[in-house]
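These notes concern the structure reproduced below.
The values are calculated or read from the model by the stated rules, or taken from the named source; none is laboratory data. Keep in mind that this is a model prediction, so the values were computed, not measured. Cβ: placed from backbone, ideal geometry, glycine included. Neighbour counts: every protein chain shown.
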Amino acid sequence: MKNLKNAPVRKKVDVVVCGGGPAGIGAALSAADKGLEVALIESRGFLGGNITASYVETCNHYLWDHPFEVTGIYKEIENEYKKEFKKSDDIRSDLRAHRFSSEYLKIFLDEKIKQNNIWLRLHTSAAEAIIEDNQMSGIITHSKSGFEKILGKIVIDCTGDGDVAARAGVPFEKGRDCDGLTQPGTVNFRIAGVDSKKVNQILEEEGIEYFYEILREKLNDGSFDPGFRRIVFPFGRLTEGGQISYINYSNVYKIDSTNADDLTKGEMMGRERVLKMFNFIKENMPGFENCELSSIAPAIGFRDSRRISGQYKLTEEDIDEERMFSDNIAIFPRFYDMLSPTGTWDDHIYIVDLDKQYGIPYRCLLPVDVEQLLVAGRCISSTHKAESSIRAISACMATGQAAGTAAFRALEENCRVKNVDINKLQTELKNDGVQLEK
């Protein structure tokens, strides 16, 4: 095997963004908007992260009918998407939440990247960090083209799992303190051939709880045993053509998303549980009698894994007490969505208290020990419970936007990312429509 240090240089840019999910999109677009040359690296063949790869199309379900407004790049993307794709063929009228189409969104994001002159490399993974004297200067990628160097003045880790930070030697935590368990992974699936008119009428008149009650009855009498305890199965867009764009149910527990053996086990077990759930739905849910399994999400979706050790660790006390920080780079509502790490449902936490908001400090994006590296998304510095709030898709995009803007400020001020002028960073974010105060 050749020495990775001798890999050829493929690209030199101002900022290297690793990961093309919500955080990476926010980071790349914000940095490019400031005039920086940006490279965006994504291991899959498309952008969007869990929205597209795992069919998590309903991004802000907890904000239904609430005045809290998501701002910044997420709002910009949602508004632009709606102009082109409207309701994504969704005929559901029981809820007013916006749902992306994972397929339309792939195309939409391709165009956004081209419009912003971002150098995109798909099917490419970050294999190693290029680091000297504790300072990042790029990454070594691996793809069909072999090992290559992408050099940058600043690197932003938006991989979701903190892969780049871990390879750079940044310490991290994973899972809950008592046993290291994380939330489950889920393999979502899509069905076709439902009776759209009948299902939509039930949703209008009874709500989705009608379907949940059927599930709970069968779980309680023992006639359905999926291998774990989960009493809801949120589902996505309902189209005139009889498609439901995702069913979120088939969980896999005690899986480490940073371990390839566990990932293999999780994907296979998840698909097994998809088939079991699909058959249950077809046999028991009115309007689903003639449906077919049309697709399984390309990748198992995870809710948490590594959390880097940063200059500050966001806690549930910060969230509960509505703390605001002098270095706020985003605010978010008090919201926790912690699926049971054990599969029993007894330790499931779901809290929506949107009248309270908290700040996310810039220091959570700054890893200890390594210079010129920023981290954005669910793997920023936080406790396990706090992560179940900041993992929300719009929050990930907000921390990504802050990281991309901070990279611009660091290069503008000719300083390290940890030394940027916070007031100037906050002014930039506010000028770009980001709300930083309650």
Taking into account only those residues within the range 199-219 that are under 20 Å from residue 292 (Cα atoms) and out of contact with any Phe, Trp or Tyr (no Cβ under 9 Å at 6 or more places or on another chain), which is modelled with the highest pLDDT?
214
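It is to be established whether one or more residues within the range 419-437 are under 13 Å from the mean Cα position of the chain (by Cα) and either touching a residue at least 24 places away in the same chain (Cβ under 8 Å) or crowded, with 21+ Cβ neighbours inside 10 Å (or both). Outline the logic, then answer.
Within the range 419-437, the subset under 13 Å from the mean Cα position of the chain (by Cα) is none.
No, the range 419-437 contains no residue that is under 13 Å from the mean Cα position of the chain (by Cα) and either touching a residue at least 24 places away in the same chain (Cβ under 8 Å) or crowded, with 21+ Cβ neighbours inside 10 Å (or both).
Just need a number here: residues in the range 1-26 that are in contact with a Lys or Arg (Cβ under 6 Å, 6 or more places away or on another chain) and closer than 16 Å to residue 155 by Cα.
Initially, the range 1-26 is screened for residues in contact with a Lys or Arg (Cβ under 6 Å, 6 or more places away or on another chain), giving 7, 9, 14.
Those still in the list that are closer than 16 Å to residue 155 by Cα too: 9, 14.
Count: 2.
Here's the yes/no breakdown for (1) modelled with pLDDT of 95 or more; (2) in contact with a helix residue (DSSP H, G or I) (Cβ under 7 Å, 6 or more places away or on another chain):
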residue: 287; (1), (2): yes, yes
residue: 302; (1), (2): yes, no
residue: 306; (1), (2): yes, yes
residue: 316; (1), (2): yes, yes
residue: 320; (1), (2): yes, no
residue: 331; (1), (2): yes, no
residue: 347; (1), (2): no, no
residue: 351; (1), (2): no, no
Using the structure shown, decide if residue 122 is out of contact with any Leu (no Cβ under 7 Å at 6 or more places or on another chain) and either among the β-branched types (Val, Ile, Thr) or more than 21 Å from residue 194 (Cβ to Cβ) (or both).
yes
Right, residue 128: assigned to a strand (DSSP E or B), over 19 Å from the mean Cα position of the chain (by Cα) and either touching a residue at least 40 places away in the same chain (Cβ under 8 Å) or in the same structural domain as residue 404 (by TED's automatic domain parsing) (or both) or not?
yes
How about the range 395-438: which of its residues are assigned to a helix (DSSP H, G or I), under 18 Å from residue 69 (Cα atoms) and in contact with a Ser or Thr (Cβ under 9 Å, 6 or more places away or on another chain)?
395, 398, 400, 401, 402, 429
Check the range 372-384 and report whether any residue there is assigned to a strand (DSSP E or B), more than 19 Å from the chain's Cα centre (by Cα) and either farther than 24 Å from residue 426 by Cβ or not polar (S, T, N, Q) (or both).
yes
Looking at the range 51-64, I want the residues that are crowded, with 19+ Cβ neighbours inside 10 Å and have a partner that is modelled with pLDDT under 85 and among the charged types (D, E, K, R) with Cβ atoms under 7 Å, at least 6 apart or on another chain. Which pairs are those?
none
If I filter the range 2-17 for residues that are surrounded by 19 or more Cβ atoms within 10 Å (Cβ to Cβ), closer than 25 Å to residue 248 by Cβ and touching a strand residue (DSSP E or B) at 6+ places or on another chain (Cβ under 6 Å), do I get at least one hit?
no
Within the range 311-329, is even one residue over 24 Å from residue 71 (Cβ atoms), surrounded by 18 or more Cβ atoms within 10 Å (Cβ to Cβ) and in the same structural domain as residue 156 (by TED's automatic domain parsing)?
yes
Exactly one of (1) assigned to a loop (DSSP other than H, G, I, E, B); (2) charged (D, E, K, R); (3) in contact with a Ser or Thr (Cβ under 9 Å, 6 or more places away or on another chain) is unmet by residue 273. Its number?
(1)
